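Enquirer: Got a structure here, written out as structure tokens. Questions coming.
Every number here is computed from the coordinates shown, using simple stated rules; none is lab data. Since we're looking at a predicted model, the values are computed, not measured. Don't worry about glycine lacking a Cβ; one is built from the backbone with ideal geometry, like all the others, and counts go over all protein chains shown.
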């Protein structure tokens, strides 16, 4: 059984290209996969939240991250990014989140809609009707969409 950090690292390694994404998705979601779905999805939650926390900490606004995800990928990926932003901002004290950022999340239609006791990515996949392997590919695409921001 893989450790959470190893799964997170594998997902991040798949952020930069289709061959790597396919390999990681197959390894984590395929028959006899290296990770159990709940653990993998928790790792995906961590990876996505960390991926948006960094640019937010460097001054990128929520709407900017969402726009970059839309520009580089598609609405599904942008939705994963928006959910990760909502999760990251929800983890902060309310005084640490600029009101304009909350307004931006509202305009994006993003909020904490998931049940915290279950992995966010699992719930996103169920809501969107996306299969296991494709969910992991979408996660890696989302990671790539925000990973190289200056």
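Enquirer: Using only DSSP helix segments of four residues or longer, with each worth -39500 (n - 2.57), what per-residue ellipticity at 222 nm results for the chain after dividing by its residue count and rounding to 500?
Expert: Numbers: 8 runs with 105 residues, N = 150.
Mean residue ellipticity, 222 nm, calculated: -22000 deg cm²/dmol.
Enquirer: Once you sort the root eigenvalues of the Cα gyration tensor of region 101-150 as a ≥ b ≥ c, which label holds: rounded (a/c under 1.5), prolate (a/b larger than b/c) or oblate (the other case)? Working shown, then result.
Expert: Working: a/c = 2.17, a/b = 1.11, b/c = 1.96.
Verdict is oblate for region 101-150.
Enquirer: Same structure, new question: Report the normalised scattering of region 63-150 as log10 I(q)/I(0) at q = 0.11, 0.13 Å⁻¹, calculated by the Debye formula with identical scatterers on the alpha carbons.
Expert: The calculated log intensity ratios at q = 0.11, 0.13 Å⁻¹ are -0.30, -0.42.
Enquirer: Separate question: Given an 8 Å cut-off on Cα distances and at least 6 residues of separation, report the relative contact order of the chain as a percent. Don't jump to the answer; show the numbers that get you there.
Expert: On the way: 173 pairs, mean separation 52.7, N = 150.
Contact order relative to length: 35 percent.
Enquirer: Related question: Relative to the longest principal Cα axis of the chain, at what angle does helix 18-29 sit, 0 to 90 degrees, rounded to 10?
Expert: 70 degrees
Enquirer: Taking Cα atoms, how many degrees apart are the long axis of helix 132-147 and the longest axis of the chain, rounded to 10 and kept between 0 and 90?
Expert: 50 degrees
Enquirer: Compare the peptides 100-106, 77-83 by average per-residue count of other Cβ atoms within 10 angstrom and give them in order, highest first.
Expert: Details: 100-106: 14.9, 77-83: 24.6.
Ranking the peptides 100-106, 77-83 by packing returns 77-83, 100-106.
Enquirer: Let me ask something else about it. Mind ordering 49-56, 16-23 by average Cβ neighbours within 10 Å, highest first?
Expert: Taking the mean over residues of other Cβ atoms within 10 Å, the ranking is 49-56, 16-23.
Enquirer: What's the exposure ranking of 118, 88, going from fewest to most Cβ atoms within 10 Å?
Expert: Working: 118 14, 88 21.
Ascending Cβ contact count within 10 Å gives the list 118, 88.
Enquirer: Taking each pair of different alpha-carbon atoms in region 77-121 once, compute 1/r for the pair, average those values, and report the inverse of that mean as the Kirkwood hydrodynamic radius in Å to one decimal.
Expert: On the way: mean 1/r = 0.0914 Å⁻¹.
Its Kirkwood hydrodynamic radius stands at 10.9 Å.
Enquirer: Taking only Cα atoms, what is the 0 to 90° angle, nearest 10, from helix 62-72's long axis to the longest principal axis of the chain?
Expert: 40 degrees
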